[in-house]
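Report on the following structure.
Read the figures in this text as sums done on the coordinates, not as results from a lab. Since this is a predicted model, take the numbers as computed values, not measurements. A quick note on method: Cβ atoms are made from the backbone with ideal geometry, for glycine too, and the neighbour counts reach across all protein chains shown.
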Amino acid sequence: MAKNAFIFDTNKCVGCMACVVACTIENGTTTPLNWRTVNSHNYIKHPTLPVFHYSLACNHCDDAPCITNCPALAYSRDKDTGAIIHNAEACIGCTYCTWACPYDAPKFNEQTKIVEKCNFCIDRISDNRKPACVAACPVGALEYGANEEVDLKKHLTPGFVDAGIGPSIQLVPLRKEHEMPTIENIDAPVIDNEKAASYLPKLKTKVELSKEWTLVLFSLAAAGLIAWQAAAITSQVAISPILFVLLALIAIALTTIHVGKKFRIWRFILNVKGSWLSREIFSFSAFFGLGALSLFMKDNLLGMGNLLSFVDSKTVGIAAIVFGAFTLVSIDMVYKFFIRADNLKLHSAMAWITAPFLFAWLANIPLLIGLLTLLKGGLYIYRKTTFCNNKVKHHPTLSAVRLLTLTLPFILFIVMPQTSLWILLPTLFVGEVIDRSEFYHESEVRTPQGELRELFYHN
């Protein structure tokens with residue numbers, strides 16, 4: 001397929017950063033927020049590992065995940081050049097595209113509170129000039145071909161993320177002599193890769209609990225509200241309309257804290273067709289609206305009992321639960337880009353497991369409580385065991401507290417059934433906060449530098 005593409009020869013790149021400087025000057029970006037990055041391997045000069053660099057910016061992919069997943073529709077494709085263009089005026093600064101892109105192309109600007117990225121030097125290539133980064137490369141490692149045939153099977157540079165999304169880059173593979181240097185000294189000591197990895201500078205993570213703690217609370221608040229609404233419909237559990245509305249508004253407010261442009265928050269729901277983040281916000285908003293309406297109709301608050309003569313409050317409540325169920329699925333699908341050491345597709349912190357778990361407690365269904373307690377506990381223990389085997393850092397004391405908050409309420413429920421639910425619920429909630437927080441702490445998204453480390457230091 002003929003298209004505009006970068007052409008990069010890893011054998012020629014010397015890591016001089018001229019392409020990065022040229023990009024910064026051309027686009028007026030502020031360091032260290034560079035749109036182009038030179039990914040260097042073997043920082044510590046390990047004698048048994050290859051030494052090479054490769055330069056990456058936005059690859060303007062055929063199936064660009066930034067376009068597909070942006071909830072605010074802030075990305076578009078230029079039909080003439082194939083460039084993926086980011087519209088700063090539409091960006092809400094949610095940073096979801098930085099999770100979705102495996103090439104680390106979108107960068108969040110802490111000053112402007114929005115994302116920015118390489119625009120393919122669209123003005124230059126439209127004028128039949130090479131992109132600034134290409135023009136500045138002194139060794140010819142970075143080129144640009146306006147009519148090159150891009151063979152997507154030739155992305156052979158070690159560590160390159162081949163996510164099957166059609167990146168517009170042709171990589172010239174490493175020559176064999178660059179893959180593994182021959183060591184003449186047969187008496188040279190063998191250095192353990194894991195020990196070598198410990199000397200590397202800390203890899204910057206895109207998933208930080210310190211920045212995403214509001215999402216932890218939102219996820220749990222949403223699961224709790226949906227469980228409460230379901231218990232009220234199916235088991236006649238008392239529910240205060242005012243408290244329900246207040247908690248839902250707090251949950252919605254939590255989602256805005258990590259957003260860069262809060263006055264553009266309404267753009268969250270513009271991409272329901274393609275973005276799970278849009279679907280999450282839309283479905284939760286629908287759940288909130290219908291749930292609140294059913295409660296106000298049921299109690300005839302503000303004269304809403306006769307507001308809809310053709311439908312009763314229970315029917316509206318059931319409709320709310322349907323949107324609530326879709327909210328739970330959407331919450332879990334938002335994190336489809338996360339990579340984890342345990343490789344689990346099913347884990348104890350998932351929203352669609354947490355909500356039924358809380359529902360079982362609120363509706364007082366012993367069998368369901370027992371089954372879901374076993375499920376959550378089993379998944380949690382398996383997860384932690386896997387992390388121990390993979391030597392991933394974890395906190396045994398915190399894990400013990402999490403298991404205690406899961407099992408203690410169940411033991412009290414069996415031994416002392418008269419124990420008030422409102423005494424047990426705070427303990428359960430603390431456990432869920434720990435579980436969900438650890439989920440963020442243990443997760444990461446794919447990046448070129450992360451792939452390099454995984455390839456050479458952990459295999």
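Annotation for residue 243 and residue 25: the two label points, set 7 Å from Cα along the Cα-Cβ direction, are 6.5 nm apart. Placing R0 at 35 angstrom, the Cβ-Cβ distance between residue 404 and residue 329 gives a FRET efficiency of 0.70 after rounding to 0.05. Here the extension length gained between residue 236 and residue 11 equals 74.0 nm, from 0.36 nm per residue of separation less the Cα-Cα distance.
Taking a ≥ b ≥ c as the square roots of the eigenvalues of the Cα gyration tensor, an a/c ratio of 1.5 or more together with a/b no larger than b/c marks the range 209-445 as oblate. Exposure proxy shown here: for 261, 273, the number of other Cβ atoms within 10 Å sets the order, fewest to most, as 273, 261. Residue order for 75, 335, fewest other beta carbons within 10 angstrom first, comes to 335, 75.
This ranking places 329, 14 by how few other beta-carbon atoms lie within 10 Å of each, fewest first, which gives 14, 329.
Couplings for the range 248-262, taken from phi via the Karplus curve 6.51 cos²θ - 1.76 cosθ + 1.60 with θ = phi - 60°, read 5, 5, 5, 4, 5, 4, 4, 5, 7, 5, 8, 8, x, 10, 5 Hz in order; Gly and Pro are left as x.
Work out the FRET efficiency for residue 285 and residue 415 from their Cβ-Cβ distance, taking R0 = 51 Å, and round it to the nearest 0.05. In this case the efficiency is close to 0.75.
Full extension of the chain between residue 250 and residue 423 yields a length gain of 60.0 nm, computed as 0.36 nm times the residue separation minus the alpha carbon distance. Other residues within the sphere of radius under 11 Å centred on the Cβ of residue 398, judged by their own Cβ, net out at 0 (K and R +1, D and E -1).
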